[in-house]
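Asker: Before anything else, here's the structure in question.
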Amino acid sequence: MRKNINVIKELVRLRFQHLMMFRIGFFGPFFVDGSLFVVQLMVFSAVYANVERIGGWEHGQMILYIGTFSLINAINMVVYFFGVNSIPAKIKSGEMDLYLTKPVSPLLRLSLEHINPGSLPLILMSLVIIVYGAWEAELRIETGIVLSYLFWVVLMCILYYEMEIIFRSISFFLISTAKMEQLESACLELCMQLPGTVFYGVYKVVFYCILPYGIMATVPVKSLVGECTPATVLHALAVVGIFTGITCVLWRGGIRCYNSASS
Amino acid sequence: MRKYREIARTYLKTQLAWRADVLFNMVFTVGRILFAYLLWKVIFAEKDTIGGFTFHGMLSYYIISSFFTQLEMSHGISEEMAARIRNGTFSKYIVIPVNVEGYFAAMESGVVLFYLFFDFAAAFIWIFLFGIEFTLVKDGMIIACALAMVLLGMFFMVQLNFFLGILTFKYEEINTFLMIKNNLIALVTGSIVPLALFPDTIVSFMRFLPFYYVTYLPSMLLTGKCAGEAVRGIIVISCWCIVMQAAIRIAWKRYVRRFDGVGI
C-alpha cells in the first residue's frame with residue numbers, strides 16, 4: 001500500500017513536470033467539457049420552459065442530474081481518463097511491455113500517469129451547478145444526505161472507471177477497438193442527456209444492467225432528493241460489484257493474452 | 001471544374017475502403033433518434049403539443065435534422081488543416097494546381113454524395129423501427145427552398161471550417177477551440193432540440209446567424225412549419241456565404257505566408 005502511494009506521488013510529480021513543458025491546452029479539457037455541460041443546461045432550460053416534468057423530475061432535479069454527471073465526468077478527466085484512454089495504443093504498439101516489466105501494478109501506473117489538473121475547474125463548475133440545482137429544487141441539505149450522495153458519486157466514479165477499462169481491455173483480444181470506443185461515447189452522450197428515470201422496458205435493461213451509464217448520475221441524484229428505494233440501492237451495489245468482477249477478469253485475461261508488439 | 005469533379009470522385013471512391021465505418025455510421029445515427037424518442041415519449045405522455053409539435057411531428061423533425069447533421073461532415077476540414085499545418089505537411093495542398101478551398105469543398109461533396117444513400121437508408125429504417133408517423137411537406141416549392149438552403153448551409157459550414165483551419169497558421173493550436181465549436185454548433189443548429197423551444201427573443205436573434213439555416217430551418221420547412229421564412233432564409237444564408245468568402249480571402253492572404261512547411 002505504502003509503495004503504491006509513493007508510486008502515485010511520483011506519477012503526479014512527473015505529470016506536473018510534463019504539463020509545465022506543454023502549457024498550451026492545459027485548460028483545454030475544462031473548456032471543452034465545460035461548454036458541453038453549459039449546452040446541456042441551456043437545452044433543458046428550453047425544454048422545461050415548455051413542460052413541468054420529465055420522467056417525474058422537475059427542473060431543479062434535472063440541473064442536479066447534469067451537475068452530477070458533470071462532476072463524475074470531471075473526476076474521470078482529472079484522475080484517470082487520459083491514462084486509461086492510452087491503453088489500446090500501448091497494447092497495439094507493444095509499449096505495454098514497459099508497464100508489465102516494472103515492479104508496480106501496470107493498471108495503477110497506466111491509470112494515474114496522465115492525471116490532468118487542467119480539468120480541476122470542471123469539478124468546481126460541477127459543484128456550482130449542483131448547488132444551483134439544490135437551490136432550484138429547494139432541497140433541505142443534511143449531513144447524512146450529503147454523505148450518502150458523496151458515497152454514490154465515489155461508487156459511480158469507480159463504475160465509470162471500470163467501464164472505461166472494460167472497453168479498452170478489448171484491445172488485448174481484437175486488432176481495432178475504435179468502434180467499441182465509438183459505442184461507448186454514443187452511450188455516454190445519450191445518458192449524459194437523459195436521466196435514468198426516462199428509460200423503460202428494453203432500454204432500461206440495456207442502460208441499467210448491460211451498459212449501466214443510465215444509473216451513474218441517476219442514483220446519486222435519487223439519494224440527494226430522497227427517492228432512493230432499497231431496490232435502487234441493491235441494484236446499484238450489485239451492478240458495481242458485478243462490473244468490478246468483469247473488469248478484473250477481463251484485465252487479467254487480457255494481460256495473459258498479451259503477446260507484446262503486434263498482439 | 002473538371003479537376004474538382006475528379007477530386008470529388010476520388011474521395012467518393014476512397015470511402016469504399018472503409019465499409020465497416022459506413023455501417024457503423026449508419027448504426028450510430030440512431031443515438032440522436034433514440035434520445036429524441038425516449039425524451040419526448042415521456043414528455044408527450046402528459047401533453048399533446050409542445051412548441052407547436054405533436055409527438056410524431058417532433059420525431060419527424062429529429063429524423064430530418066439528424067439526416068442533415070449526419071451529412072454535414074465539414075468539421076474534418078478544419079481538423080485536417082490544423083493537423084497538417086502543425087506537422088508541416090500542409091504543403092501537399094499548396095503545391096497542387098488547384099484552389100485549396102475548392103479542393104476541400106470538392107472533397108466534402110465526394111464524401112457527402114457517398115453517405116447520402118446510406119444516411120437516407122438509415123433514416124428509413126429508424127422511421128419503421130420506431131413506428132414514426134412521418135410528416136413531410138407536400139409543397140414542391142417549399143421542398144426546393146429547403147434543399148437549396150441545405151446546400152448553401154453545407155457550403156457555409158465548409159467555408160467556416162476552412163476559415164478556422166486557416167487560423168492555425170496564426171494560432172498554431174486550435175483543437176480545443178474546434179471541440180468547443182462542435183459543442184456549440186450542435187446547440188445553435190437545432191440538432192439537440194428544435195430552436196422553437198427557446199424563448200422568442202433568442203430565436204429572433206438566431207435568425208440573424210447562419211446556423212439557423214444550416215439544419216434547423218430546412219428541417220422545419222420539410223416538416224411543414226415556418227413556410228414564411230423560406231425565401232428570406234435563402235437570402236440570409238447566401239449573404240453569410242459571401243461574407244465568409246471575403247473573410248477567407250483576407251485571412252488566407254494574411255496568414256498563409258506564415259507557413260514554413262517544417263511543422264511545430
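Asker: Between B:Ile202, B:Ile166, B:Ile185, which is modelled with pLDDT of 90 or more, closer than 30 Å to B:Gly88 by Cα, within 14 Å of another protein chain (Cβ to nearest Cβ) and assigned to a helix (DSSP H, G or I)?
Answerer: So the residue among B:Ile202, B:Ile166, B:Ile185 that is modelled with pLDDT of 90 or more, closer than 30 Å to B:Gly88 by Cα, within 14 Å of another protein chain (Cβ to nearest Cβ) and assigned to a helix (DSSP H, G or I) is B:Ile185.
Asker: Please work out which residue is nearest to the chain's Cα centre (by Cα), limiting yourself to segment A:81-101 and to residues that are within 25 Å of A:Pro117 (Cα to Cα) and polar (S, T, N, Q).
Answerer: Filtering segment A:81-101 for residues that are within 25 Å of A:Pro117 (Cα to Cα) and polar (S, T, N, Q), the one nearest to the chain's Cα centre (by Cα) comes out as A:Asn85.
Asker: Something else: Return the pairs, sorted by first residue and then second, in which the second residue is assigned to a loop (DSSP other than H, G, I, E, B) and surrounded by 13 or more Cβ atoms within 10 Å (Cβ to Cβ), the first residue lies in segment B:132-151 and is without any contact (Cβ under 8 Å) to a residue 40 or more places away in the chain, the beta carbons are less than 9 Å apart, and the residues are 6+ apart or on different chains.
Answerer: Once the first residue is without any contact (Cβ under 8 Å) to a residue 40 or more places away in the chain and sits in segment B:132-151, its partners that are assigned to a loop (DSSP other than H, G, I, E, B) and surrounded by 13 or more Cβ atoms within 10 Å (Cβ to Cβ) give B:Lys138/B:Gly224.
Asker: Something else about it: How many residues does segment B:80-92 contain that are outside any loop (DSSP other than H, G, I, E, B), touching a residue at least 40 places away in the same chain (Cβ under 8 Å) and surrounded by fewer than 18 Cβ atoms within 10 Å (Cβ to Cβ)?
Answerer: 4
Asker: From B:Gly228, B:Gly140, grab the single residue that is surrounded by fewer than 18 Cβ atoms within 10 Å (Cβ to Cβ), under 19 Å from B:Gly52 (Cβ atoms) and more than 16 Å from the chain's Cα centre (by Cα).
Answerer: B:Gly228
Asker: Take residues that are touching a residue at least 40 places away in the same chain (Cβ under 8 Å), of a type in the set (Gly, Ala, Ser) and more than 14 Å from chain B (Cβ to nearest Cβ) and tell me which of the helices (runs of 4 or more DSSP H) falling wholly in segment A:174-263 contain 2 or more.
Answerer: Where helices (runs of 4 or more DSSP H) fall fully within segment A:174-263 and carry at least 2 residues being touching a residue at least 40 places away in the same chain (Cβ under 8 Å), of a type in the set (Gly, Ala, Ser) and more than 14 Å from chain B (Cβ to nearest Cβ), they are A:230-257.
Asker: Name the single residue, out of those in segment A:211-263 being among the β-branched types (Val, Ile, Thr) and over 16 Å from the mean Cα position of the chain (by Cα), that is surrounded by the most Cβ atoms within 10 Å (Cβ to Cβ).
Answerer: Among residues in segment A:211-263 that are among the β-branched types (Val, Ile, Thr) and over 16 Å from the mean Cα position of the chain (by Cα), the one surrounded by the most Cβ atoms within 10 Å (Cβ to Cβ) is A:Val225.
Asker: I would also like to ask the following. I need the full set of residues from segment A:29-74 which are within 23 Å of the chain's Cα centre (by Cα), facing another protein chain (nearest Cβ under 7 Å) and of a type in the set (S, T, N, Q), in order please.
Answerer: Within segment A:29-74, just A:Ser35 meets the criteria.
Asker: Here's another thing I want to ask about it. For segment B:49-59, how many residues are surrounded by fewer than 23 Cβ atoms within 10 Å (Cβ to Cβ) and part of a helix (DSSP H, G or I)?
Answerer: Adding up the residues that qualify gives 3.
Asker: Suppose we filter A:Ser148, A:Ser169 for residues that are within 19 Å of A:Ala238 (Cβ to Cβ), more than 14 Å from chain B (Cβ to nearest Cβ) and among the hydroxyl-bearing types (Ser, Thr, Tyr); which single one remains?
Answerer: The unique qualifying residue is A:Ser148.
Asker: Quick check on B:Ile248: is it assigned to a helix (DSSP H, G or I), crowded, with 17+ Cβ neighbours inside 10 Å, touching a residue at least 24 places away in the same chain (Cβ under 8 Å) and at negative phi?
Answerer: Yes: the conditions hold for B:Ile248.
Asker: Counting only residues that are part of a loop (DSSP other than H, G, I, E, B) and over 11 Å from the mean Cα position of the chain (by Cα), which one in segment B:205-216 is farthest from the other protein chains (Cβ to nearest Cβ)?
Answerer: In this case the residue turns out to be B:Phe208.
Asker: When segment A:225-250 is examined, which residues are found to be of a type outside the set (S, T, N, Q) and over 21 Å from A:Asn76 (Cα atoms)?
Answerer: A:Val225, A:Gly226, A:Glu227, A:Cys228, A:Pro230, A:Ala231, A:Val233, A:Leu234, A:His235, A:Ala238, A:Val249
Asker: Continuing with the same structure: Answer yes or no: is there a residue in segment B:27-48 that is within 9 Å of chain A (Cβ to nearest Cβ), surrounded by 17 or more Cβ atoms within 10 Å (Cβ to Cβ) and over 20 Å from A:Phe199 (Cβ atoms).
Answerer: no
The values are calculated or read from the model by the stated rules, or taken from the named source; none is laboratory data. All values reported here derive from a predicted model rather than from experimental measurement. Here the Cβ is made from the backbone with ideal geometry for all residues, glycine too, and neighbour counts use every protein chain on show.
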